[in-house]
Amino acid sequence: MLNFEKTAKAYYQKLYAFAYHLCGNQADAEDLTQHTFYRLALNIHTLKKEEKARSWLYSTLYRKFIDQHRRIVKFPTVEFDENDSTRDYSEEQPEYTIDYAALTDCIRQLDEPLRVVITLFYIENYSYKEIARMLDLPIGTVMSRLYRAKTKLHKKLTPSLKTAYVVQN
Amino acid sequence: MNIKETLSAFHPENHEDDPLMNLAIEEAEKDPELLRWFTEQLEMDNAIRETLHAQKPPEELLGKLLQYQDAAEEKRKLISPFFRSTLQWGAIAACLLITTVFAFKDTIINNQILGYHASLSSIEKHDDFRIAMAEFVDTTIISLDFLSEGHNEIRQWLKEANQLSFATLPDGLEALDTLGCKSFKWQDQSISLICFHSNEGNGRIVHLFIKEVQPTEDAEFLDTQYASLQTLYGRQTKGWVTNGKHYILVGSDPDVDLTDILV
């Protein structure tokens, strides 16, 4: 049987980050993470393998998210405005890294199908094949969503990235 | 597929045994413009990963989570007397079953129990389907194709998408709100999935999977098998067969009670 404490310590940070990028605020992300580990504590005797636990945790959190989120707001997706000139993140942060708030904001503006894929890719380091398996999507669809999500993020974040790499290198 | 789409999925830890990715990298190495784009992508990936991983959850979160272990243990203790007696009866039943199997093993091995052989393929197919759908719920982040709380809208959407739909449902299911539906393929067969909010609430879901009965399957026999409650992957499963379709119910977690849903 899995060890609860070991599993919690191994996954809670990434799971919280996944929740945060799905729902976009700390309070809801904490609630989702707590709900997920509460369910793990109750059901840990049914999960025998470590690798099963990882996908179980993400699946449980995501199911809770879609149920809460879709019941309340019916997914009012925000259009990603690539010509949005009201915010220039490159000027907002003087450090030579990507500003976390800016990055979070950009991820939040992605449509949910792109947001889920990109979050699993960056935070949990899932491969595109693992993401396809988890989301029950064709591999080509996952690649296409990663490409579209990255293109949008890149356009928004490029000024700050260039600053970072010119100075650092 | 666009080569940039393939390269977008590049992962530094997971590409070595991936011919598709290695081919795309070879192509990039021959094309300076593509290589420059790919290098920029990798820089962006690293920067985004570093930024995202630098963010830590609230300090008190781990402490709160670890308390759930104790709470769950308390809950288990409350029900353990029941399980203890269940386990005792289970052990007795297992002994009886083993004794019976030994007593009749020749008959069983020779498939001489009436109807056993004829029904074997049906049992296997039925079990495959039920087990596969329980595993699907256990391991998949389900992304729905269509969202609606109305049964009629779900029916309409499935019909227009040329997918398996449902005519009438048992009263227990008719009473539940739907969340949405999706369609997918399993072993080259079309499957429709309809998600219902369970009576237990708190985000719990009842999944209804629909598949056509194949010509090689015995629908009448399957119906008697589906009606039995089985726990698979820690979830209750139950179902029925009607008008040439299999219906399988799978709860989203162990607390979803399907016992009375088909009554």
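The values are calculated or read from the model by the stated rules, or taken from the named source; none is laboratory data. Small disclaimer: the values here were computed from a predicted structure and weren't measured. FYI the Cβ positions are ideal-geometry reconstructions off the backbone, even for glycines, and counts take in every protein chain you see.
Here are the numbers:
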| item | result |
| --- | --- |
| Counted residues, the range A:38-54 - those being more than 23 Å from A:Ile118 (Cα to Cα) and in a helix (DSSP H, G or I) | 10 |
| Candidate set: the range B:53-74, residues that are at pLDDT 85 or above and surrounded by 12 or more Cβ atoms within 10 Å (Cβ to Cβ); chosen: the one nearest to B:Leu7 (Cα to Cα) | B:Pro57 |
| Filter result (at the interface with chain B (Cβ under 7 Å from one of its Cβ atoms) and either under 14 Å from B:Ser143 (Cα atoms) or touching a strand residue (DSSP E or B) at 6+ places or on another chain (Cβ under 9 Å) (or both)) within the range A:117-136 | A:Met134, A:Leu135, A:Asp136 |
| Flag if A:Leu120 is closer than 19 Å to B:Ala54 by Cβ, modelled with pLDDT of 90 or more, within 16 Å of the chain's Cα centre (by Cα) and not hydroxyl-bearing (Ser, Thr, Tyr) | yes |
| Residue that is nearest to the other protein chains (Cβ to nearest Cβ), among those in the range A:1-33 that are part of a loop (DSSP other than H, G, I, E, B) and more than 18 Å from A:Val116 (Cα to Cα) | A:Asn3 |
| Checking B:Val250 against (1) surrounded by 16 or more Cβ atoms within 10 Å (Cβ to Cβ); (2) away from chain A (no Cβ under 13 Å), the condition it does not meet | (2) |
| Considering residues of the range B:16-44 that are outside any helix (DSSP H, G or I) and more than 9 Å from chain A (Cβ to nearest Cβ) only, the residue farthest from the chain's Cα centre (by Cα) | B:Asp31 |
| Pick from the range A:34-56, criterion among the basic types (Lys, Arg) and surrounded by fewer than 17 Cβ atoms within 10 Å (Cβ to Cβ), ranking: nearest to the other protein chains (Cβ to nearest Cβ) | A:Lys52 |
| Which numbered condition B:Ile191 misses (of (1) away from chain A (no Cβ under 14 Å); (2) touching a Lys or Arg at 6+ places or on another chain (Cβ under 6 Å)) | (1) |
| Odd one out for A:Asp84 among (1) charged (D, E, K, R); (2) at pLDDT 85 or above; (3) farther than 25 Å from B:Val256 by Cα | (2) |
| Index of the failed condition, A:Leu22 passing every other in (1) in contact (Cβ under 8 Å) with a residue 60 or more places away in the chain; (2) within 23 Å of B:Tyr233 (Cβ to Cβ) | (2) |
| Residue within the range A:34-50 that is within 16 Å of the chain's Cα centre (by Cα), closer than 24 Å to A:Arg133 by Cα and at pLDDT 85 or above present | yes |
| Hey, B:Ile3 more than 8 Å from every other protein chain (Cβ to nearest Cβ), at pLDDT 85 or above and surrounded by 14 or more Cβ atoms within 10 Å (Cβ to Cβ) or not | yes |
| Which listed residue is in a helix (DSSP H, G or I) and out of contact with any Asp or Glu (no Cβ under 8 Å at 6 or more places or on another chain), from B:Glu13, B:Glu5 | B:Glu5 |
| Helices (runs of 4 or more DSSP H) contained in the range B:139-252 and holding at least 1 residues among the polar types (S, T, N, Q) and touching a residue at least 60 places away in the same chain (Cβ under 8 Å) | B:219-226 |
